[in-house]
1. Going by what's in this entry, would Leu173 be described as modelled with pLDDT under 95 and not hydroxyl-bearing (Ser, Thr, Tyr)?
2. Answer yes if at least one residue in region 40-61 is out of contact with any Lys or Arg (no Cβ under 6 Å at 6 or more places or on another chain) and on the phi > 0 side of the Ramachandran plot, and no otherwise.
3. At least 2 residues that are surrounded by fewer than 23 Cβ atoms within 10 Å (Cβ to Cβ) and under 15 Å from the mean Cα position of the chain (by Cα) in each: list the helices (runs of 4 or more DSSP H) lying fully within region 4-119 that qualify.
4. Within region 122-140, which residues are in contact with a Ser or Thr (Cβ under 8 Å, 6 or more places away or on another chain) and either basic (Lys, Arg) or surrounded by 16 or more Cβ atoms within 10 Å (Cβ to Cβ) (or both)?
5. Mind telling me which of the residues Gly128, Gly123 ends up being farther than 24 Å from Ile191 by Cβ, more than 14 Å from the chain's Cα centre (by Cα) and touching a residue at least 12 places away in the same chain (Cβ under 8 Å)?
6. Which residues, counting only those in region 78-94, are touching a strand residue (DSSP E or B) at 6+ places or on another chain (Cβ under 9 Å) and of a type in the set (Phe, Trp, Tyr)?
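The values are calculated or read from the model by the stated rules, or taken from the named source; none is laboratory data. Treat the numbers as computed from the prediction; the structure is a model and nothing was measured. Every residue, glycine among them, receives a Cβ derived from its backbone with ideal geometry; neighbour counts consider all protein chains shown.
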Amino acid sequence: MINEQTVAVVLPAYNASKTLETTYREIPMDIVDIVVLVDDASKDNTSEVARQLGIEHVIVHESNKGYGGNQKTCYQKALVLGADIVIMLHPDYQYTPKLITAMASIIAQGLYPVVLGSRILGGGALRGGMPIYKYIANRLLTSFQNLCTGAKLSEYHTGYRAFSAEVIRSLPLEQNSDNFIFDNQMLSQIIAQGHTIGEITCPTKYFPEASSIRLLPSSIYGLGVIKVSLLHAIKRLKGALQRSPSV
């Protein structure tokens, strides 16, 4: 616990058997009370490895529900277990679990209700091996998203995120996509509701066992990001017009 708040780490897993142990061993269990792993119908033995490691809450989807569908199960379970702070960490070891304490502390101290681990702050993305085309796409999409949302985030596409339970409860997550665009829909909703978002520099690692979206799904994801951003911008404009005094 931190500041008498229960901390949960949720691991949305798919074919993560080779990296799960390394990830799990670095989780700071001195402050983490709950670990939840959701195996999205992996083709390897991810769930068996999780149980061997002693992860108490292991959920296995009978069929693949997608990245967003996996997260929905993660957050639902964490809330049921009484989490006050929920940190979403990919079990592919692309992000270091060593930042969990810092991210949870920011929320526990009431500084921000949402914290993102940014690969862009500090230049960690390229140093960690992010392909240059992904880096360029990240920067272009993030600039467009900031323009549409009015926020000033360094990136919207990190998979390392921490939330207060109150924020999660306030979001219509079940209405969101079950695919990769879920992350951006969630951030759009958070910004629209007026929640503040903090960021922390996060080193990253790219290696063969780390999960990565292939080119076609990446292209579909990029188009989805543009759609979500434009919808957000339209809602902002409508809200501004409704608030403006009539002539």
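1. Values: modelled with pLDDT under 95: no; not hydroxyl-bearing (Ser, Thr, Tyr): yes.
No: the conditions fail for Leu173.
2. Among the residues of region 40-61, at least one is out of contact with any Lys or Arg (no Cβ under 6 Å at 6 or more places or on another chain) and on the phi > 0 side of the Ramachandran plot, which makes the answer yes.
3. Values: elements: 20-25, 46-52, 66-80, 100-108.
Qualifying helices (runs of 4 or more DSSP H): 66-80.
4. Gly124, Ala125, Gly128, Met130, Lys134, Ala137, listed by residue number.
5. Going through Gly128, Gly123 in turn, the sole match is Gly128.
6. Taking region 78-94 and keeping what is touching a strand residue (DSSP E or B) at 6+ places or on another chain (Cβ under 9 Å), we get 78-79, 81-92, 94.
Result: no residue meets the conditions.
Residue by residue, here is whether (1) at pLDDT 95 or above; (2) out of contact with any His (no Cβ under 7 Å at 6 or more places or on another chain); (3) crowded, with 17+ Cβ neighbours inside 10 Å; (4) farther than 20 Å from Leu111 by Cα holds:
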{"position": "Ile190", "(1), (2), (3), (4)": "yes, yes, yes, no"}
{"position": "Gly194", "(1), (2), (3), (4)": "yes, yes, no, no"}
{"position": "Ile197", "(1), (2), (3), (4)": "yes, yes, yes, no"}
{"position": "Thr204", "(1), (2), (3), (4)": "no, yes, yes, yes"}
{"position": "Ser212", "(1), (2), (3), (4)": "no, yes, no, yes"}
